[in-house]
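Inspection log for the structure reproduced underneath, given as structure tokens.
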Amino acid sequence: MADRLSARETVALVTDDFTELPHPERDSPEDGPLGWPGYGAARARAAERTGERESVICGTAHIEGTRAVLVAFEFGFLGGSLGERTGDRLEAAYAHARAQRLPVVPLVATGGSRMQEGMLALTQLQRVARQSALTRQAGLAQIAVLRDPTTGGGWATLGAGADVVLALPGAQVGFAGSRVRPADADPAAYTAEAQVAAGAADALVRPGELRQTLGRWLRLLTRPSAAPAPPPLPPVASGLPATGWDAVRRARSPERPRATAYLDPYFTHRVTLAGDRCGGTDPDGMLCGFGEHEGRTVAYAAQTGAATRPAGYRTAARLVRLADRLGIPVLTLVDTPGAANDAEAERQGAGAAIAGLFDAVAAARTPVTTLVVGEGGSGGALALAAPGNTWATPDSYFSVIAPELAAAILKRPPQEVEATAEQLRIRPQDLVELGVIRGVVGSAGPGEGHPAD
């Protein structure tokens, strides 16, 4: 169990200039809308114990230089539960964020909806969901911090519904609280660590690092730009491949630079967006996040050279849609022999995941730039490629299908694989001539293009 800080102690972790917003106050009977015996006395005790009049405080503050609306839950006030007055405060805070064009940072610690207000409490989740949706439509970022505990409707709206989800180590996180889950349930499944592993949260952040981490995320997500991201240069320039099979061999070479060799020098710093929000991650096949390049924010989705799994495609689609909503340009790096095609990948919805990424890239209004840095294997690679703004390095190829598989489909003997590769015209310079890509980055040979063209 993580240390339980109060709402104001948590706010003090991330900012020094918190200014509380005026909180709307509605008239209600002493024992609430249901006339629940003793409810009024319980609220009075909670107020005396915590110094708060409700389970949430809302205000504005600068976090490492970026102004935001903070929504901090006080778990000591009736378990941080949501009631009608909580809903009033949350609605007012989100409305203020939209009016002032500010991102929202929910600092969540709640046990769920308030039983003493019955269904009127539960319907506050609909109000919260509506406010979150309006804020997304306004193009404003929402970054949630999961404290101990984050359960019930608070997790299913303010927490899991945020664009980026950070969690304090050891926090209890799950839809089912400790008193309502099955008696034989594994408690490890209801932790921040488990949610990160399952792709429902992006990262664990220690309390002492929370201010800096939030500040970095807020800076990156609040700097829209209309200019496309330039493709990165290869670490070392090289000549173009002589044949189709030479292109394949170079792309498959273990010495060839992989994604991080391009991302690390390209970005001053970067943060990771992890998980598909559907129970999956693909850290070995897809790297996603936001970084700073020459003073502006660029989102990235980069294949790593492995077969990409469904969770990888869904995470990339999530990245592209978020960047599109926030007006941030996207850089994608293509490098995969193809989509994972094992039985488990099919059970995980490979086709639908790839379709979702095709859709996200096709629908994006923000500029998308693609660089093919290695293997470009079939539709599993093309889903990440920007139509009309794709480039390639000399150590890459792009093909409708791997040459070996093409030969097998055509019933050719193995010794004809190299000739098949040539016929497919998969070299970078071939792709330029065919109009598939704009140019080759990092080569002075024929087919060279310049990212500024």
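The values are calculated or read from the model by the stated rules, or taken from the named source; none is laboratory data. Computed from a predicted model, the values in this text were never measured in an experiment. Cβ: placed from backbone, ideal geometry, glycine included. Neighbour counts: every protein chain shown.
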In segment 273-288, how many residues are surrounded by 21 or more Cβ atoms within 10 Å (Cβ to Cβ) and either in contact with a Leu (Cβ under 6 Å, 6 or more places away or on another chain) or of a type in the set (Lys, Arg) (or both)? 2
If you scan segment 53-71, which residues turn out to be farther than 16 Å from Leu221 by Cα and of a type in the set (Lys, Arg)? Arg53
Do you know which of the residues in segment 8-35 that are touching a helix residue (DSSP H, G or I) at 6+ places or on another chain (Cβ under 8 Å) and at pLDDT 95 or above is surrounded by the most Cβ atoms within 10 Å (Cβ to Cβ)? Val14
Do any helices (runs of 4 or more DSSP H) entirely within segment 189-272 hold 2 or more residues that are among the hydroxyl-bearing types (Ser, Thr, Tyr) and surrounded by 17 or more Cβ atoms within 10 Å (Cβ to Cβ), and if so, which? 259-266
Those residues of segment 163-188 which are in contact (Cβ under 8 Å) with a residue 24 or more places away in the chain and in a loop (DSSP other than H, G, I, E, B), in sequence order: Asp163, Leu168, Pro169, Gly170, Ala171, Phe175, Ala176, Gly177, Ser178
Checking the structure you have, find out if any residue of segment 125-141 is under 17 Å from Ala200 (Cα atoms) and within 21 Å of the chain's Cα centre (by Cα). no
Per-region count, segment 272-289, residues touching a residue at least 60 places away in the same chain (Cβ under 8 Å) and not charged (D, E, K, R): 8
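Residues are listed down the side, and each one gets a yes or a no for (1) under 20 Å from Ala141 (Cα atoms); (2) outside any helix (DSSP H, G or I); (3) under 24 Å from the mean Cα position of the chain (by Cα); (4) in the same structural domain as Ala144 (by TED's automatic domain parsing):
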residue: Glu48; (1), (2), (3), (4): no, no, no, yes
residue: Glu52; (1), (2), (3), (4): no, yes, no, yes
residue: His62; (1), (2), (3), (4): yes, yes, yes, yes
residue: Ala72; (1), (2), (3), (4): yes, yes, yes, yes
residue: Gly76; (1), (2), (3), (4): no, yes, no, yes
residue: Gly79; (1), (2), (3), (4): no, no, no, yes
residue: Arg85; (1), (2), (3), (4): no, no, no, yes
residue: Tyr94; (1), (2), (3), (4): yes, no, yes, yes
On the given criteria, is Gln100 within 19 Å of the chain's Cα centre (by Cα) and either at pLDDT below 95 or surrounded by fewer than 18 Cβ atoms within 10 Å (Cβ to Cβ) (or both)? no
Which is closer than 19 Å to Glu54 by Cβ and either in the same structural domain as Arg26 (by TED's automatic domain parsing) or free of Cβ contacts under 8 Å to residues at least 60 places away in the same chain (or both), of Ala121, Ala200, Ala194, Ala141? Ala121
Matching residues in segment 290-310 - criterion: being surrounded by fewer than 24 Cβ atoms within 10 Å (Cβ to Cβ) and either of a type in the set (Ser, Thr, Tyr) or in contact with a Pro (Cβ under 7 Å, 6 or more places away or on another chain) (or both): Thr297, Thr304, Ala307
Thr420 being at pLDDT below 95, within 30 Å of Ala242 (Cα to Cα) and touching a Lys or Arg at 6+ places or on another chain (Cβ under 7 Å): yes
Filter pass, Ala171 being over 19 Å from the mean Cα position of the chain (by Cα), crowded, with 24+ Cβ neighbours inside 10 Å and not β-branched (Val, Ile, Thr): yes
